[in-house]
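Read the structure below first, then the notes.
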Protein chains: 2
Amino acid sequence: MNLPPLIRSFVLHFGEMGSRWGINRTVGQIYALLYVAPRPLCADDIVEALGISRSNVSMSLRELQAWNLVVLKHLPDDRRDFFTTPDDVWQILRTLAEERKKREVDPTLSVLREILMQPAGSEEEAHAQRRMAEMHDLIEQLTTWYDDVKRLETERLATLLSLGSKITRLLETKDRIVSFGRARKSERPGERRSGGATPGKDPEE
Amino acid sequence: MNLPPLIRSFVLHFGEMGSRWGINRTVGQIYALLYVAPRPLCADDIVEALGISRSNVSMSLRELQAWNLVVLKHLPDDRRDFFTTPDDVWQILRTLAEERKKREVDPTLSVLREILMQPAGSEEEAHAQRRMAEMHDLIEQLTTWYDDVKRLETERLATLLSLGSKITRLLETKDRIVSFGRARKSERPGERRSGGATPGKDPEE
DNA sequence: CACTAATTTCAGAAACTTCTGAAATCACCG
DNA sequence: CGGTGATTTCAGAAGTTTCTGAAATTAGTG
């Protein structure tokens with residue numbers, strides 16, 4: 001490996017991290033390298049920078065493509081493939097979330113659904129099904145939220161994040177103001193339960 | 001492995017999933033088993049249910065304890081350790097988020113900070129630092145949001161989730177109403193930038 | 001403080017993943 | 001359509017992780 005020290009540390013750290021979740025070391029390193037490189041790199045650039053075999057680079061790039069994490073570029077009069085990462089880190093985050101959901105969450109949800117369809121053969125199984133139903137419902141709530149939020153443009157998403165938990169307070173403020181403004185048109189919102197509070201159901205978006 | 005079919009499917013799925021992210025197959029299976037079991041299990045119950053060696057169970061339980069994912073119980077007049085998972089799935093989610101952050105996010109943040117402190121030795125390194133800074137800032141925004149939201153009680157967290165992106169609309173509604181109600185006390189909120197929109201900075205928690 | 005039973009540790013075996021170099025494939029060019 | 005160079009595939013080598021049984025440790029008991 002023959003890289004400027006700062007880039008080297010970053011690449012090595014990503015390699016480590018990569019192996020801590022599913023992705024492997026080389027894939028992590030290549031991603032890190034592409035992420036910080038000032039221009040798109042071709043396979044041989046990567047071989048040179050990381051000191052790994054050509055075939056390993058080829059396979060790892062395939063994997064990154066399968067994750068939609070890299071962008072393919074072509075230079076005129078050069079038939080080699082050049083690779084970069086998207087410029088926008090928020091876009092990268094979205095892709096990562098989407099792919100991890102696809103690989104980690106969706107299969108679990110469908111296994112849970114399948115098991116929950118079957119009849120329990122004993123009290124032990126019935127209890128297990130109740131537990132699985134709790135898990136299923138939690139995951140479903142989270143993915144519903146995610147599906148909703150992922151469509152926001154970056155700017156609004158950032159606003160949402162910067163508000164954080166303040167929103168629950170804001171929500172109460174809004175309840176007060178709106179119910180006051182409308183002079184109690186129907187009934188007052190009052191205490192809200194955990195399940196399905198969906199005020200202000202605008203048709204747009 | 002000698003388990004009722006529904007439980008068996010669940011346990012096997014979790015084993016698979018386990019190996020898809022960092023955790024290993026056995027650890028995943030044991031967790032799944034404890035999660036659906038109607039009562040706390042001891043190590044030998046697990047050996048029996050999953051058909052794996054006693055020592056493997058012992059090591060895997062240690063790992064689950066290191067992740068804070070299991071609860072230790074003792075029965076009177078029995079010095080064996082019995083294990084369960086917490087009853088509340090939201091609590092489980094919190095623990096999982098906390099531990100993954102500790103292992104996956106925090107180390108990355110500190111590596112990024114360290115690298116960003118060092119002087120760049122070339123334009124290539126300077127560019128890399130700019131990219132790393134973008135990544136750093138994104139992660140910091142996400143963790144700030146997380147640190148804020150994780151303190152919410154389950155009920156409020158559920159409300160927040162069920163609102164999802166509707167909140168940004170709600171926010172605009174609130175801006176309108178509040179600025180109208182206050183009859184433009186100081187300046188009007190207007191367009192909001194991505195960075196630090198923090199309306200309603202209440203002192204309380 | 002010896003005995004017993006539960007539990008943990010650990011060295012090496014088994015299983016699995018990653019990585020390589022050689023061979024096959026692909027795609028353009030004359 | 002044969003040649004050239006880039007790229008991919010793949011069998012097996014290298015490396016890593018997981019799992020086991022045997023030995024060591026811990027903790028309670030008479």
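Residues of region B:63-94 that are within 15 Å of B:GLN29 (Cβ to Cβ) and either loosely packed, with under 12 Cβ neighbours inside 10 Å or not aromatic (Phe, Trp, Tyr) (or both): B:GLU63, B:LEU64, B:LEU69, B:VAL70, B:THR85. Report the residue count in region B:16-36 for those that are out of contact with any Asp or Glu (no Cβ under 8 Å at 6 or more places or on another chain) and more than 18 Å from B:ASN56 (Cβ to Cβ). Looking only at that region, the number is 2.
Looking only at residues in region B:18-37 that are within 12 Å of DNA strand D (Cβ to nearest atom) and small (Gly, Ala, Ser), which one is nearest to the other protein chains (Cβ to nearest Cβ)? Write out each step before concluding.
The initial filter retains those residues of region B:18-37 that are within 12 Å of DNA strand D (Cβ to nearest atom), namely B:18-30.
Now drop any that are not small (Gly, Ala, Ser), which leaves B:18-19, B:22, B:28.
Details: B:GLY18: 11, B:SER19: 8, B:GLY22: 5, B:GLY28: 11 Å.
So the residue we want is B:GLY22.
So is A:LEU69 assigned to a helix (DSSP H, G or I) and under 24 Å from A:ILE7 (Cβ atoms) or not? No, not satisfied. Every condition in (1) touching a residue at least 24 places away in the same chain (Cβ under 8 Å); (2) buried (at least 20 other Cβ atoms within 10 Å of the Cβ); (3) of a type in the set (Gly, Ala, Ser); (4) more than 19 Å from A:GLN129 (Cβ to Cβ) is met by B:GLY28 except one, and the failing one is (1). Residue count for region B:40-55 under the criterion of being touching a Lys or Arg at 6+ places or on another chain (Cβ under 9 Å) and either within 12 Å of chain A (Cβ to nearest Cβ) or closer than 21 Å to B:LEU96 by Cα (or both): the result is 1.
Listed conditions (1) within 11 Å of DNA strand C (Cβ to nearest atom); (2) touching a Phe, Trp or Tyr at 6+ places or on another chain (Cβ under 8 Å) are all met by A:LEU34, apart from (1).
Out of curiosity, is B:ARG94 within 16 Å of DNA strand D (Cβ to nearest atom) and closer than 21 Å to B:LEU34 by Cβ?
On the way: within 16 Å of DNA strand D (Cβ to nearest atom): no; closer than 21 Å to B:LEU34 by Cβ: yes.
So B:ARG94 fails the test.
For region B:48-90, the set of residues classified as of a type outside the set (S, T, N, Q), touching a residue at least 12 places away in the same chain (Cβ under 8 Å) and touching an Asp or Glu at 6+ places or on another chain (Cβ under 7 Å) consists of B:TRP67 only. B:ASN68 meets all of the listed conditions (1) under 30 Å from B:ILE139 (Cβ atoms); (2) within 16 Å of DNA strand D (Cβ to nearest atom); (3) away from every other protein chain (no Cβ under 13 Å) but one, namely (2).
From the residues in region B:104-155 that are acidic (Asp, Glu) and either open to solvent by less than 40 Å² (accessible area, probe 1.4 Å) or facing another protein chain (nearest Cβ under 7 Å) (or both), which one is farthest from the chain's Cα centre (by Cα)? Residue satisfying both the conditions and the ranking: B:GLU124.
The values are calculated or read from the model by the stated rules, or taken from the named source; none is laboratory data. What you are looking at is a predicted structure, and each value in this text was computed from that prediction instead of being measured. So basically every Cβ, Gly included, is an ideal-geometry build from the backbone, and we count neighbours across all protein chains shown. Please note that ligands, DNA and RNA were not included when accessible areas were found on the heavy atoms of the full protein model with its side chains. Shrake-Rupley method; radii C 1.70, N 1.55, O 1.52, S 1.80 Å.
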